[in-house]
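Here's the structure we're looking at; comments come further down.
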Amino acid sequence: MTGRSHAGSAALALAAAFASAWSASAGDTIEAGRHGSDAERIAKGKALYAENCSHCHGFGMVNPGNVVPDLREFPKDDEQRFIDTVLHGRNNRMPPWGDVLSSEEIEELWAYVKARGKS
């Protein structure tokens, strides 16, 4: 190999190492931001829940054992069912909230329910 080839290879290796390090630190920042964002969404969801949902589903999602589902046991992988139920109501027992809550508020409620009421 010539000196030029070694220099080019070294430059490529250095650039690859830099890109890898930058990518890892950027990913850490994004992931850290998600945790902060999740905590904020859960806190907002908790407040929305207390204001709009607790009178039927109980404070802290602990209900008095009546016909209302225990939201702490709602499947964590069934976000769409949760959103549809909140938007449109369910079985003529739960009223629709689509005209009261925004999409963002429903997502915040989902974050709180998915966290099992733990903020």
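The values are calculated or read from the model by the stated rules, or taken from the named source; none is laboratory data. Please read all numbers here as calculations on a predicted model, not as lab measurements. Note that each Cβ is placed from the backbone with ideal geometry, even for glycine, and that neighbours are counted across all protein chains shown.
Observations
- Long-range neighbours under 6 Å by Cβ, at least six apart or interchain, first residue more than 18 Å from Phe74 (Cα to Cα) and assigned to a helix (DSSP H, G or I) within the stretch 42-59, second modelled with pLDDT under 95 and of a type in the set (S, T, N, Q): Ala43/Ser119
- All positions within the stretch 86-119 that are surrounded by fewer than 18 Cβ atoms within 10 Å (Cβ to Cβ) and hydroxyl-bearing (Ser, Thr, Tyr): Ser102, Ser103, Ser119
- Restricting Arg116, Arg72 to those that are over 14 Å from Arg41 (Cβ atoms) and assigned to a helix (DSSP H, G or I) reduces the list to Arg72.
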